[in-house]
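Structure provided below as C-alpha cells; questions to follow.
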Amino acid sequence: MHPKTIGLIAHPRKAGVGELINSLAGEFTGRSMSVLLEKETAAVAGQKSDLNVAQIAAKADLLVVTGGDGTILNVADQMGEANTPIFGINVGSLGFLTCAGSQSYRDAVDCIAQGKITFSNRTLLEVELRDPKKKHPATIALNDAVFSRGEISRLIRLRTRVNGEALTEFNADGLIIATPTGSTAYSLSAGGPILSPESGVFVITPICPHVLTNRSIIISDSSVVEISPGSTEYPSFLSVDGREPVRVPAKGRIAIRRAKVTLQLGFLPEISFFSVLRHKLKWTGSNV
C-alpha cells in the first residue's frame, strides 16, 4: 500500500502532541503525500481545519492516529461507514494497538511512504440493544461489550444464549464479550485468555462470578450471543468499547455478532503480535 492522502488524528491532551503532529505533517508532505488534519488535532498544532473524523476517514487512504489504544478505539467509533486503515503512533508506552513510539516517527513515515507497513484485519463486534419500547441503532466495537452492575454493590444476573441455545445465567459482577483484539483488555484483567488477532473466535468472560465453575468460554466468531437481564431487582448496564454505559431495560435483549466489516490495523514490518505481548507482559524467551 502506497497511500497518497494521510489523515492525522491526535489525542489533543497528550503532552507534546502538537509538535509531533506538525513534524509528521512536514515529513508526509515532504514525501509528496497530502495531509488532512482533524479539527481538534489541527487546533492543538496551531493550525485550522473543519474536518471531523468521519470526513477525514472518507477521504484519506490511511489514518495515522497519535495517542494510545484508547485514542484508536475512539477513532474507530467515529469513522462512520468508512473502512480506512489505521496506523497508531503511541505518545507514551507501547500499546497493543499502536506499534511505533513518538520518538521513532520518522521510521514510521518512511515505512508508510515505501509501502512497507503490514496490516492485520481485526474482527469487529456489532452490538444491538433490542428494547420493546425504543429503537436503538447497532453499535460497532473493536474490543468488547461489557455488562456491569453500575454503582450498586450487588451481583447481577445475565441470561446468556449462543446461537439460540441457552448457555447459562451468569451471577456475577458483570460479563465481557470480547474480540481477539479485546482479549488483551478488560477480559484479560478478569482472567480471560489471550487470543491471537486473527483466530476467528470470541471470548465470553464473567467478572468475579459467584459460581466458581463459571469460566471464560471461547466460541466461534460466526456465533450470535444474546444477553438479557435475569432479574429486574437490580439494574445492569452495557458499555461498548468503554463508552458511556447505558442501562439495559428489564425486558431488553442485547444481540452480539461479528460485524460485516473489519478494521485494518497497520504495523511496522518488524512488529508482530507476539513481540508486543512479550514487551507489554514482560515475558522472557524472546530468543526462543
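The values are calculated or read from the model by the stated rules, or taken from the named source; none is laboratory data. Computed from a predicted model, the values in this text were never measured in an experiment. Cβ placement follows ideal geometry from the backbone for every residue including glycine, while neighbour counts extend to all protein chains displayed. Keep in mind that these areas ignore ligands, DNA and RNA; they rest on the heavy atoms of the full protein, side chains included. Shrake-Rupley method; radii C 1.70, N 1.55, O 1.52, S 1.80 Å.
Please work out the Cα center distance from region 1-61 to region 179-212, rounded to the nearest Å.
Going from one Cα centre to the other spans 34 Å.
Given all pairs of different Cα atoms, what value in angstroms does the Kirkwood hydrodynamic radius of region 177-288 take? If you can, show how the numbers build up before the last one.
Values: mean 1/r = 0.0612 Å⁻¹.
Roughly 16.3 Å, rounded to one decimal.
Report the gain in length on full extension from Lys48 to Ser272: 0.36 nm times residue separation, minus Cα-Cα distance, nm rounded to one decimal.
Values: separation 224, 0.36 × 224 = 80.64 nm, distance 3.61 nm.
Separation in residues times 0.36 nm, less the Cα-Cα distance, equals 77.0 nm.
So how long is each side of region 2-131 along the principal axes, counting just the alpha-carbon atoms, biggest first, in Å?
51, 31, 29
Okay, moving on. Rounded to the nearest 0.05, what FRET efficiency is calculated for Arg154 and Glu128 with R0 set to 25 Å and r the Cβ-Cβ distance?
0.40
Once both labels are modelled 7 Å past Cα along the beta-carbon direction, what's the Asn83-Arg161 spacing in nm?
Going from the Asn83 label point to the Arg161 one covers 3.0 nm.
Place the peptides 160-170, 68-78 in order of packing, highest mean first, counting for every residue the other Cβ atoms within 10 Å and averaging per peptide. Can you show the working numbers first?
Working: 160-170: 14.9, 68-78: 20.8.
The densest-packed peptide leads the list: 68-78, 160-170.
Would you check the chain for Lys pairs whose C-alpha atoms are within less than 20 Å, ignoring same-chain pairs closer than 8 in sequence, and give me the count?
Count of close lysine pairs: 10.
Solvent-accessible area per residue for the chain at a 1.4 Å probe radius, Å²? Each step should come with its number before you reach the end.
Numbers: 14080 Å² over 288 residues.
About 49 Å² of surface per residue is accessible.
Let's test this: bin the Cα-Cα distances of the chain at 5 Å from zero up to the farthest pair and state each bin's percent.
1, 5, 12, 15, 17, 14, 12, 10, 7, 4, 2, 0, 0
Calculate the FRET efficiency for Ser231 and Ile194 from the Cβ-Cβ distance with a Förster distance of 45 Å, rounded to the nearest 0.05. Don't skip to the end; give the middle numbers.
On the way: r = 32 Å, r/R0 = 0.72.
After rounding, the FRET efficiency stands at 0.90.
Figure the gain on full extension for Ala15 and Leu212 (residue separation times 0.36 nm, minus the Cα-Cα span) and round it to one decimal in nm.
66.5 nm
To the nearest 10 degrees, how steeply does helix 69-78 sit against the main Cα axis of the chain, on a 0 to 90 scale?
80 degrees
Could you calculate the FRET efficiency of Lys251 with Thr5 from 1/(1 + (r/R0)^6), where r is the beta carbon distance between them and R0 is 51 Å, rounded to 0.05? Numbers along the way, then the final one.
Numbers: r = 47 Å, r/R0 = 0.93.
Between Lys251 and Thr5 the formula returns 0.60.
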